[in-house]
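The values are calculated or read from the model by the stated rules, or taken from the named source; none is laboratory data. Computed from a predicted model, the values in this text were never measured in an experiment. Reconstructed Cβ throughout: ideal geometry from the backbone, glycine too, with neighbour counts over all protein chains shown.
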Amino acid sequence: MGVAGGELLIPVIVLLYAVDIKTAGSLSLLVSLPTMLVAFARYSRDGSFAVLGANRRLVAVVAVGSITGTLLGGLLLGVVPDLVLIPVLAAVLLISAVKLARHASASE
């Protein structure tokens, strides 16, 4: 589903159901939550989180970035209009697509 569903789920909700991008983001989180809870339960049972202990610095950086992004996103939710959010989301999707294409062609 991508980054909090943003790479696939949010555009699908916006395009297919014609809801605003802020509602689509909230719906994406709501849909992703059960998936994340089940995955967390499964991975914690089979010891898959042990690799996180070996990569503590990376885990810390990702956690700080995630928390910072969540806080900033929450604060900007009522401030930034949809006319700004949609082009930003489109740019993120394009950048992700280019990076994915480069990664795929480099691994061949």
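Applying the condition of being loosely packed, with under 10 Cβ neighbours inside 10 Å and of a type in the set (A, V, I, L, M, F, W, C) to the range 83-108 and asking which residue is nearest to G25 (Cα to Cα) yields L83. Restricting attention to the range 49-80, the residues that are of a type outside the set (S, T, Y), free of Cβ contacts under 8 Å to residues at least 40 places away in the same chain, closer than 15 Å to G25 by Cα and surrounded by 10 or more Cβ atoms within 10 Å (Cβ to Cβ) add up to 7. Each residue in the range 33-87 was checked for being in contact with a helix residue (DSSP H, G or I) (Cβ under 9 Å, 6 or more places away or on another chain) and among the acidic types (D, E), and 1 of them qualify. Of the residues making up the range 29-72, those that are closer than 22 Å to I10 by Cβ, modelled with pLDDT under 90 and among the β-branched types (V, I, T) number 4.
Would the range 36-58 turn up any residue that is hydrophobic (A, V, I, L, M, F, W, C) and under 20 Å from A91 (Cβ atoms)? Write out each step before concluding.
Narrowing the range 36-58 to residues hydrophobic (A, V, I, L, M, F, W, C): 36-41, 49-52, 54, 58.
With under 20 Å from A91 (Cβ atoms) added as a condition, the list becomes none.
No, every residue in the range 36-58 fails to be hydrophobic (A, V, I, L, M, F, W, C) and under 20 Å from A91 (Cβ atoms).
Residue under question is V19, and the condition is that it be within 18 Å of V92 (Cα to Cα), out of contact with any Phe, Trp or Tyr (no Cβ under 8 Å at 6 or more places or on another chain) and surrounded by 12 or more Cβ atoms within 10 Å (Cβ to Cβ); does it hold? Spelling it out, it is not the case that V19 is within 18 Å of V92 (Cα to Cα), out of contact with any Phe, Trp or Tyr (no Cβ under 8 Å at 6 or more places or on another chain) and surrounded by 12 or more Cβ atoms within 10 Å (Cβ to Cβ).
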